[in-house]
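Everything on this sheet refers to the single structure shown next.
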Amino acid sequence: MPVIGILTFKTKRLVDVFCGGGNVFLNADAEEIWINDINSRLINFYRNLKSSPDGLIQESKTLFLKKFNNRKTFDLLKEEFNLAENTIRNAAI
């Protein structure tokens, strides 16, 4: 049986202990999904995606402007990301 076939059944709860890119939980048909990952910033992204998708999209849109498409801005955003707490801004970066 191919691995992807495992995701075709319905289940009440899916626990994705190494969610990473989310391929398993995003494609699962489950009433309740628990995700975990060692990367707290990744979990922050998924939390913001679930709780405030419009806010995350709006925050992300502020970063995809032509004026930001340069090395200096990339370095500034990288520094902000590395210093920031788990916020919606951090999730967007």
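The table that follows gives values for the structure above.
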| quantity | calculated |
| --- | --- |
| Residue list for segment 40-74, restricted to those being open to solvent by 70 Å² or more (accessible area, probe 1.4 Å) and among the polar types (S, T, N, Q) | SER51, GLN58, ASN69 |
| Any chance LYS12 is modelled with pLDDT of 90 or more and over 20 Å from the mean Cα position of the chain (by Cα) | yes |
| Some residue of segment 17-25 being modelled with pLDDT of 90 or more, polar (S, T, N, Q) and assigned to a helix (DSSP H, G or I) | no |
| Complete set of residues in segment 33-86 that are closer than 14 Å to GLY22 by Cβ, part of a helix (DSSP H, G or I) and polar (S, T, N, Q) | ASN44, ASN48 |
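The values are calculated or read from the model by the stated rules, or taken from the named source; none is laboratory data. Here the structure is a predicted model, which is why all the values come from computation and not from measurement. So basically every Cβ, Gly included, is an ideal-geometry build from the backbone, and we count neighbours across all protein chains shown. Ligands, DNA and RNA are stripped out before the accessible areas are found, and what is left, the full protein with its side chains, is counted by its heavy atoms. Shrake-Rupley method; radii C 1.70, N 1.55, O 1.52, S 1.80 Å.
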